[in-house]
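Data block below; observations after.
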Amino acid sequence: MTDVADETTARVGVTASPATSSPQASVTGRASARPVAPAPGGRRGTGSALRKRLEIAFFVAPALLLFLFFVVVPIIRAVQLSAYRWKGYGPLVDFVGLKNYVSVLNNDVFTGALQHNLIIAVASIAIQLPLGLAIALLLNRKMWGQGVLRTIIFVPYVLAEVIAGVVWFQLLQPKYGVIDAMLDAVGLSGPEQGFLGTPEYALWTVIVVLTWKYLGLAVILFLAGLQSVPEELYEASQIDGASWWQTQRKITLPLLGPTIRTWAFLSMIGSLQLFDMVWILTQGGPANATTTMATFLITEGTKRQNYGIAAAASVILFIVALVLALLYQRFILRRDTQAPSASRKKVKA
């Protein structure tokens, strides 16, 4: 009988009797016998995902609607108007196709305005970059009156363009303006028609005013970028015996590179869309010496009532700005987006 029981036990696979089995085993057996709960992802998962989508749509919808009505719709409307000869009233019936674009591109005033925009963009970066960087490095040091100096540098930027333009227009008036009075005090004399009334000096005078107006933005952005440079790097360079110029060239400028490139992008786009300051100072004169693409299309639309020409000029301005922005992002800003991914690949390797 014992042999038969042992054989039966071996066949069944029972190795422990109920009397010798532990309570933990029985509990485990009971737990395993219970039905397994379904994994999350059913109705609850679907409901939470739907709620997240609704929340995103709720917060994004207002900005999307504003972008649609104030950016996309005007662009479409401008493209539509550019295909007609229209004086600003009545229906659009005189369809001319691409003739308005041909007329704008063959207009010497518009091509000169495009050159002026490019000159202002290049000059603004070439002048404001070294000046802003030098002032930012100076104000980044601890000194007496540091906060006051930063405020004085930044005040012109927060002034409205109309106020700044009117002030400089009065300062630059010939004979009785402050600038001419200062030149007379040191034995010099300005142009007979003033700096803004002489074609040879008008554009460069506008560039000087723009430098005064927007230099504060460059300084503030560079100061913000300098705050992110670790002090340990400067201490290590001092220990290694590096000079001040070597420290700035090897540490400050490379780490400040993303900030400089972002500022240069903003300066370039602002120079291409420049209107208000030029309109207040010269209205594009004298003899179209300071005309920009924006002042050209405003003159054609509001003064000459050539709204089809003005719409075509606005579309060309949009295309030029878009192409330059894409090229800048493709070849210059791309390194800032590739750096984190490259570092992550190195860490994984």
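The helices (runs of 4 or more DSSP H) found wholly in segment 119-193 and carrying at least 1 residues that are closer than 17 Å to residue 215 by Cα occupy 146-158, 161-171.
Residue selection: residue 100 fails the criterion of being loosely packed, with under 12 Cβ neighbours inside 10 Å and not β-branched (Val, Ile, Thr). If you check 93, 73, 14 for being surrounded by 10 or more Cβ atoms within 10 Å (Cβ to Cβ), aliphatic (A, V, I, L, M) and at pLDDT 85 or above, only one passes: 73. When you look at residue 73, is it β-branched (Val, Ile, Thr), without any contact (Cβ under 8 Å) to a residue 60 or more places away in the chain and closer than 30 Å to residue 286 by Cα, yes or no? Considered against the rule, which asks whether it is β-branched (Val, Ile, Thr), without any contact (Cβ under 8 Å) to a residue 60 or more places away in the chain and closer than 30 Å to residue 286 by Cα, residue 73 comes out as no. The set of residues from segment 171-202 being among the hydroxyl-bearing types (Ser, Thr, Tyr) and over 19 Å from residue 289 (Cβ atoms) comprises 176, 189. Scanning segment 264-288 for residues that are of a type outside the set (A, V, I, L, M, F, W, C), within 19 Å of residue 303 (Cβ to Cβ) and not in a helix (DSSP H, G or I) yields 282, 283, 284, 285, 286, 288.
Residue 155 falls short on exactly one of the conditions (1) over 16 Å from residue 222 (Cβ atoms); (2) touching a residue at least 12 places away in the same chain (Cβ under 8 Å); (3) surrounded by 12 or more Cβ atoms within 10 Å (Cβ to Cβ), and that condition is (3). Filtering segment 107-135 to residues that are among the hydroxyl-bearing types (Ser, Thr, Tyr) and in contact (Cβ under 8 Å) with a residue 12 or more places away in the chain leaves only 124. When segment 179-197 is examined, which residues are found to be under 22 Å from residue 283 (Cβ atoms) and surrounded by 10 or more Cβ atoms within 10 Å (Cβ to Cβ)? Residues satisfying the conditions are 179, 180, 190, 191, 193, 194, 195, 196, 197.
The values are calculated or read from the model by the stated rules, or taken from the named source; none is laboratory data. Quick caveat: nothing in here was measured; it's all calculated off a predicted structure. Cβ coordinates were reconstructed from backbone atoms using ideal geometry, including for glycine residues, and neighbour counts include every protein chain displayed.
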